[in-house]
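Since the structure comes first, as structure tokens, the remarks are kept for the end.
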Amino acid sequence: MHNRDMRYTDQSLPVGVVAAPLAGIDADVLVIPVIEHEKPPTLSLADAATGGRLVTAFESREFTGKANTTFVTPVVSIDWQSARIMLVGVGSRSAFDHGAVRMAATTAALAARERRWRRLAIALPAVLPGPDEAQAVAEGLTLGAFYSGIYKSDPDARPALIEYLIALDEGLDSHVRADFDQAIGRGYILGACSNLARSLANEPANTLTPRLFADIAGQVGSASGLVVDVLDEERLAGLNMGLLLGVARGSAEPPRMVVLRYEPPRPSGPAVLGLVGKGVTFDTGGISIKPSDGMHKMKTDMSGGAAVLAAMKAIAALRPDVRVVGVVPLVENMPGGRAIRPGDVLRSADGKTVEVLDTDAEGRLILGDALWYARHLGATHLVDVATLTGAVGVALGRTTSGLFGTPAWWVDLVGRTANRAGDRVWAMPLFDDYREQLRSEIADLTNIGGRPAGSITAALFLKEFTGGLPWAHLDIAFTAWADDALPYQAKGPTGVAVRTLAELSFTSDSWPTAGS
Ligand code: BES
Ligand code: MN
Ligand code: ZN
């Protein structure tokens, strides 16, 4: 059954590369990127093939190159192989960056897919000059291939897989050509792994239980050459992970903890990057139950865990020279006869006691034990990714994830890497005084800090479990899912943070070593 086959796959074909004259490229649509108000160098050539329609569109201002707009016209010349030409806007020169390129490529891919064109070629020459731009194009095209309707019965609802081709300048030096090929391959891997995370986030909670997530992680991890360990409830109990086991109690589904390890052939130093992702396969809120309106969205409460799994797959394929360990704590947060109650006190694996004043603040509980475990496994630098608080959406909206952590150099590095990778983030403060809000009458801390600064107190809770290591936390509660379709972003799961985590593993040369 094709529905099942499509699940948890990357859903895209590798992006092809060719260096040939544009006229000879045979595609359903040949895309030419345009910077706003700048006629691309290939325009006059292509214009002749369309009977002058491209220049007319420019001159009448029907198309200006404004970001993520498109203009399509048939090819009339019999000397050109492609059926149509599409202009896609990259936006203004002053705002030109990899993000603009990535979004324009996704715009073109989604526009072509909607019209059921199967072969899309995109011309890079001059407008998008270097391998980095080519990587962004490959990422954007691959992201445009994601399909979310796998449970639809009508086979016509399903788009034909698009074949993508990137057209380079003819006569490129062979070294330059090799750089392009590598960058495009990298972009494809990052896009495809983002799509893997999206397919997991999209999966309903009745199929994607903690056990199934762990099974998939085992398959993906082994197929990628990662070392996989899945901890079941007995081992979790043996490690005294009382926070995670406490959250899991209300569910009939047993918890799991997935550990994925990447060992480079020649590690460049002693650092071990620890990636931790929240894996709540469904969050009802537990006894502090959520209102039913919109509760179905809580199937996406494992998006951070999916990002870590998908980033580990990308890392295994791209082979950075730093050790990486990925940890994904998996639970279903349900109310049940055995569920924890508000006021219960739990003990974490590293011995801290927590008074659970709200069972809906479960993410920080399972992450507390997972951060400890990442340290226990030797992580020296930590990043966690979690759909942690509604409050982050109040602060930053739907386009920007909250960034928290310490020390500043580590947080800055994660922030710069994220913004370059197209996962927009903004740093929030972690002043010590906010810690007061987590004070408990009877235990070491409570699990909620009240309404003011809700995302910050959640982050400060996590900080208690980082053992003073460099640590950054990404709150993706409002960025993991797009509520509205945009030209460059389909409605649904976004795959946020996958590219950030994978790219971060390539920055280890710039990490100060202990004692320096
Ligand atoms: N999974 C939610 C956070 C969330 C909210 C994700 C909206 C995506 C969209 C988290 O477990 C949660 O329930 N957080 C509470 C914390 C509160 C009880 C302190 C929240 O944000 O309301
Ligand atoms: Mn919750
Ligand atoms: Zn949650």
Task: Two-decimal Rg to Rh for the stretch 7-197 - Kirkwood Rh, Cα set - done: 0.96
Task: Ranking by accessible area, most exposed first, for LYS491, LYS39, LYS278, LYS297 with a 1.4 Å probe - done: LYS491, LYS39, LYS297, LYS278
Task: Acute angle (nearest 10 degrees) that the helix 131-143 long axis makes with the longest principal axis of the chain, alpha-carbon atoms - done: 70 degrees
TODO: Could I have the simple spin-label model distance between SER440 and ASP293, label points 7 Å from Cα toward Cβ, reported in nm to one decimal?
DONE: 3.3 nm
Task: Sites ASP79 and LEU469, calculated FRET efficiency, Cβ-Cβ separation with R0 60 Å, nearest 0.05 - done: 0.45
Task: Inter-label distance, nm, simple model (7 Å from Cα along the C-beta direction), HIS175/VAL55 - done: 3.9 nm
Task: FRET efficiency estimate (nearest 0.05) - Cβ-Cβ, THR507 to ASP26, R0 35 angstrom - done: 0.30
TODO: Write out the trypsin sites (Lys or Arg not before Pro) in the stretch 128-237 meeting two conditions: DSSP loop, and at most 16 other Cβ atoms within 10 Å of their Cβ.
DONE: LYS152
Task: Average accessible area per residue (Å²) across the stretch 365-516 - probe 1.4 Å, nucleic acids and ligands excluded - done: 40 Å²
TODO: Heavy atoms only, probe 1.4 Å: what % of the accessible area of the stretch 7-197 goes to carbon and sulfur, would you let me know?
DONE: 51 percent
- [ ] May I ask which residue of ALA134, ALA145, ALA104 lies farthest towards the positive end of the charge dipole of the stretch 7-197, with charges of +1 (Lys, Arg) and -1 (Asp, Glu) on Cβ and the Cα centre as origin?
- [x] ALA145
- [ ] Express the Stokes-Einstein translational diffusion coefficient of the chain in µm² s⁻¹, to the nearest whole number, given a Kirkwood radius over alpha-carbon pairs, 37 °C and a viscosity of 0.692 mPa s.
- [x] 138 µm²/s
TODO: Taking the chain as the reference, fit the longest principal axis to its C-alpha atoms, fit the long axis of helix 363-376 to the helix C-alpha atoms, and give the angle between the two in degrees, 0 to 90, nearest 10.
DONE: 90 degrees
TODO: Please give the calculated 222 nm ellipticity per residue for the chain, where each DSSP H segment of at least 4 residues contributes -39500 (n - 2.57) and the sum is spread over every residue; nearest 500 deg cm²/dmol?
DONE: -10500 deg cm²/dmol
TODO: Quote the charge dipole size of the chain about the Cα centre in Debye, to the nearest 20; the model charges only the Cβ of Lys and Arg (+1) and of Asp and Glu (-1).
DONE: 460 debye
- [ ] Mind giving me the FRET efficiency for ASP432 and ASP483? R0 is 30 Å, r the Cβ-Cβ distance, nearest 0.05 is fine.
- [x] 0.25
Open item on the list: Just to confirm the number: angle between the C-alpha axis of helix 454-463 and the first principal axis of the chain, 0 to 90 degrees, nearest 10?
Closed with: 70 degrees
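The values are calculated or read from the model by the stated rules, or taken from the named source; none is laboratory data. Note that the structure is a prediction, hence the values are computed from the model and not measured. Using ideal geometry, Cβ is built from the backbone for each residue, glycine included, and neighbour counts are taken over all protein chains shown. Protein only, heavy atoms only, side chains kept; ligands, DNA and RNA dropped before computing areas. Shrake-Rupley method; radii C 1.70, N 1.55, O 1.52, S 1.80 Å.
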